[in-house]
1. For segment 225-280, give me each residue that is over 21 Å from Phe211 (Cβ atoms), part of a strand (DSSP E or B) and of a type in the set (D, E, K, R).
2. Restrict the check to segment 49-72 and report whether at least one residue is under 20 Å from Ala129 (Cα atoms) and surrounded by 13 or more Cβ atoms within 10 Å (Cβ to Cβ).
3. Limited to segment 18-65, what total is found for residues that are of a type outside the set (D, E, K, R), assigned to a loop (DSSP other than H, G, I, E, B) and at pLDDT below 95?
4. Of the numbered conditions (1) without any contact (Cβ under 8 Å) to a residue 60 or more places away in the chain; (2) crowded, with 18+ Cβ neighbours inside 10 Å, Asn227 fails exactly one; give the number of that condition.
5. Would you point out the residue of segment 27-45, among those that are farther than 15 Å from Tyr72 by Cβ and surrounded by fewer than 21 Cβ atoms within 10 Å (Cβ to Cβ), that is farthest from the chain's Cα centre (by Cα)?
6. Those residues that are of a type in the set (S, T, N, Q) and part of a loop (DSSP other than H, G, I, E, B), I need them from segment 75-84; list them, please.
7. Within the bounds of segment 193-209, is there any residue that is touching a strand residue (DSSP E or B) at 6+ places or on another chain (Cβ under 9 Å), surrounded by 13 or more Cβ atoms within 10 Å (Cβ to Cβ) and without any contact (Cβ under 8 Å) to a residue 40 or more places away in the chain?
8. Which condition number does Gln126 fail, the rest of (1) touching a His at 6+ places or on another chain (Cβ under 9 Å); (2) of a type in the set (S, T, N, Q); (3) in contact (Cβ under 8 Å) with a residue 40 or more places away in the chain being met?
Amino acid sequence: MYDPDLYDKYSEFQRRDAKEFIPYIVSKMTRKPSEVVLDLGCGSGFNTRNILFPALSEVSNKETPANFVHVYAIDVSKTMVDFACIRYAHPQITYTVADVMKDETEFHCKFDKIFSLHVLHWIVDQGKALGRLFELLKTNGEIAFYYISKAPVFAVYDMMSRNPKWAPFLNDVSEFIPKSYFSADPAQDMRDIMTSIGFNVQESSNYSRKFRFDSVENMIDAAMAANPFVHKIPSELKSEYKEDFRKCFMTLLYYAPTRDSPNSVEVDYSIVLVRGQKRV
């Protein structure tokens, strides 16, 4: 998450989910002639520019005129936003550094739609974040997001934090293991949070997922690209950290060879997908 080039290179996992979920989400939403949209946690900008924006701008049939959409894509990382501004620029997308968790963060408009893709599992106080998003929506505005509720990488973070060698660098590990990881029904938990804020929840569903990587090395590279602790590790220890990370992960993987990919492995994970509306 701290190296946008690396994250962009190894984000096929996130792109696959976006390609599957975004068309479904958008198809369930109300279409307006002109819309102002917020994308919370845009990362490198790939999904915003190449998947979300086209889905929002798509003409459903010849009788329906193309609607005008402007997307404000925000991320807490300046390096990610700078990368997105160059690599995935578009005149109808504004990339901005912003953190909804900070009370002093101001937005100069309210939004018709808010999206957040693969982000909320990184946010400790999800209720506060969603409360801010509720405030940022127009009346009858719509929100949709999905996040990882359970994944083996969270177990790996915990294992690494118990290793005396790495514990000093992972002393905040609890902030990167979502509460949903320990929940029997994360979707119901999120429905309760959304309802308590005032959202009309249209869907809150658990999805069991699998992702196939061509090799263990490819999977580890992808996991390291999104690893929130790598930037804390001294340069001379990074190779050793990656190897220990790999050893921990190997206990949670299973091989799934195919004719085209004889060394491929699969990872099981779960996603919570939520759709809601602000009705006041």
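1. Answer for segment 225-280, where residues must be over 21 Å from Phe211 (Cβ atoms), part of a strand (DSSP E or B) and of a type in the set (D, E, K, R): Arg275, Lys278.
2. Yes, segment 49-72 contains a residue that is under 20 Å from Ala129 (Cα atoms) and surrounded by 13 or more Cβ atoms within 10 Å (Cβ to Cβ).
3. Result for segment 18-65: 7.
4. Going through the list (1) without any contact (Cβ under 8 Å) to a residue 60 or more places away in the chain; (2) crowded, with 18+ Cβ neighbours inside 10 Å, Asn227 breaks only (1).
5. Going through the qualifying residues, I end up with Pro33.
6. Scanning segment 75-84 gives a single hit, Ser77.
7. Yes; the residues of segment 193-209 include at least one that is touching a strand residue (DSSP E or B) at 6+ places or on another chain (Cβ under 9 Å), surrounded by 13 or more Cβ atoms within 10 Å (Cβ to Cβ) and without any contact (Cβ under 8 Å) to a residue 40 or more places away in the chain.
8. Here Gln126 meets the rest and fails (1).
The values are calculated or read from the model by the stated rules, or taken from the named source; none is laboratory data. Source: prediction; values computed, not measured. Methodologically, a virtual Cβ is constructed for each residue, glycine included, from the backbone with ideal geometry; neighbour enumeration extends over all protein chains shown.
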